[in-house]
Amino acid sequence: MALDLDTGLPSTRQIQTIIREETEVEMKLTTGDVLTGKVRWQDTHCICLLDPHEQPTIIWRQAIAFIKPKL
């Protein structure tokens with residue numbers, strides 16, 4: 001059984017806005033690592049982050065502590 005992305009959740013909508021507006025974000029992982037870049041896409045299990053060199057990194061949602069816009 002496939003899980004669909006719940007677009008009714010506020011977190012899903014906020015990440016979709018970040019993707020649409022191409023906002024640069026800071027993403028802290030549960031390991032303590034901090035990644036910066038632009039979110040390219042999301043699905044039920046992962047988020048793809050593009051670094052400043054446009055290299056994609058796929059991060060499992062369960063590994064993310066927080067995502068916030070970079071100031």
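Each value in this text was obtained by applying a stated rule to the coordinates, not by laboratory testing. Predicted model, so just to flag it, every value in this text is computed and none were measured. So basically every Cβ, Gly included, is an ideal-geometry build from the backbone, and we count neighbours across all protein chains shown.
Looking across region 24-43, the residues that are in contact (Cβ under 8 Å) with a residue 40 or more places away in the chain and out of contact with any helix residue (DSSP H, G or I) (no Cβ under 8 Å at 6 or more places or on another chain) come down to GLU24, GLU26, MET27. Take the conditions without any contact (Cβ under 8 Å) to a residue 24 or more places away in the chain and among the hydroxyl-bearing types (Ser, Thr, Tyr) and apply them to THR17. Does it pass? When the stated conditions are applied, THR17 passes them. Applying the criterion of being over 18 Å from LYS68 (Cβ atoms) and of a type in the set (A, V, I, L, M) to the residues of region 1-54, the residue that is surrounded by the most Cβ atoms within 10 Å (Cβ to Cβ) is LEU5. Under the condition of being in contact with a Gly (Cβ under 9 Å, 6 or more places away or on another chain) and assigned to a loop (DSSP other than H, G, I, E, B), the residues counted in region 36-52 number 2. Looking only at residues that are more than 23 Å from ASP4 (Cα to Cα) and touching a residue at least 12 places away in the same chain (Cβ under 8 Å) in region 51-63, which one is farthest from the chain's Cα centre (by Cα)? Looking at the filtered set, the residue picked out is PRO52. THR12 passes every criterion in (1) in a loop (DSSP other than H, G, I, E, B); (2) touching an Asp or Glu at 6+ places or on another chain (Cβ under 8 Å); (3) among the polar types (S, T, N, Q) apart from (1).
Among the residues in region 20-35, are any assigned to a strand (DSSP E or B) and under 20 Å from THR7 (Cα atoms)?
The first filter runs over region 20-35 and keeps only residues assigned to a strand (DSSP E or B), leaving 24-29, 34-35.
Of the ones still in play, those that are also under 20 Å from THR7 (Cα atoms) are none.
No, every residue in region 20-35 fails to be assigned to a strand (DSSP E or B) and under 20 Å from THR7 (Cα atoms).
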